[in-house]
Amino acid sequence: MAMNGVASTGMRRRGLEYKVNFGLSIQQIKDLSKRYQPDSELAESLWKEDTRELKILATLLYPMEAFTKAKAEEWCYVIPNQEIREQLCNNLYQNIIDANPLAMEWADSSDAEVRTTGYLLLARLFLTKRNNIVTFDTLRFVWDDVIAENIFLRNASLLALKHIGRQSKEIAADILQKLSIYKDDSDLIKQEAFNSLAFEFDYFFENE
């Protein structure tokens, strides 16, 4: 009854492909999840379905005490798109005990999809103040990823660097120094990598 065809069509046009997509808002899905008790068996069943709302419900109904690092890794390798990646990071990954080391491990993966998840998780941990101090020196792929053609990888790596740089003006300056070679580059993606971080740090430290 709550199906929104306009929303589901819009998502499909933006590359969010599902076998079934009812177009519900995230808040509607959260409200729906409150009707059910968290249950790992139910969540596992929902996760296997290629239905947008059911996959998101799976991230909301998996009991945290039962969601292990092994399960987190298993699901990480079968994330179908960016929306589900974000929901996993928001609803499950940021809350597991091993979230910090897991985020760093994934951000150092040779698999670009896994790195995207790692960067997003790092950003979530910074936002929720659950992260230990992280330096960009531990992210060996990040300088290539901030200028990657893959927009999701690029944005996730930039988001991680934004939060790392917010730790101090010195760290922010070091990041900008690394990217200063792109400041006047003719490649707009490279130029944007520098400009977006420069704007972010200027605004953040002015309003600290």
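Need the C-alpha centroid separation for the range 22-82 versus the range 124-168, integer Å.
Using only Cα atoms to place each centre, the spacing works out to 25 Å.
In deg cm²/dmol and to the nearest 500, what is the mean residue ellipticity at 222 nm of the chain if only DSSP H runs of at least 4 residues count, each as -39500 (n - 2.57), divided by the residue total?
Per the formula, -18500 deg cm²/dmol.
Grab the other residues whose beta carbon is less than 13 angstrom from that of ASN195, score K and R as +1, D and E as -1, and report the net.
-3
Could you work out which residue, out of ALA148, ALA66, ALA99, moves most in a Gaussian network model of the chain, that is, has the largest mean-square fluctuation with Cα springs under 10 Å?
ALA66
What is the sum of charges around PRO63, taking Lys and Arg as +1, Asp and Glu as -1, for the other residues whose C-beta is under 14 Å from the C-beta of PRO63?
It works out to a net charge of -3.
Counting pairs on different chains as well as pairs 8 or more places apart, how many Lys pairs in the range 62-208 have Cα atoms under 29 Å apart?
Final tally of qualifying lysine pairs is 14.
Cα axis of helix 151-165 to longest principal axis of the chain: angle in degrees, 0 to 90, nearest 10?
Compared with the principal axis, the helix lies near 60 degrees.
Where does the charge balance sit around GLN28 when Lys and Arg score +1, Asp and Glu -1, over other residues with C-beta under 15 Å from its C-beta?
Counting the neighbours of GLN28, the net charge comes to +2.
If I fit a long axis through the Cα atoms of helix 52-61 and take the longest principal axis of the Cα atoms of the chain, what angle between them do I get, 0 to 90°, rounded to 10?
On a 0 to 90 degree scale, this one is about 90.
Per 5 Å bin, what is the whole-percent P(r) computed from every C-alpha pair distance within the chain?
1, 7, 15, 17, 17, 15, 12, 9, 5, 2, 0
FYI, it's all coordinate maths here, none of it is from the lab. For clarity, every value in this text was computed on a predicted model and none was experimentally measured. So basically every Cβ, Gly included, is an ideal-geometry build from the backbone, and we count neighbours across all protein chains shown.
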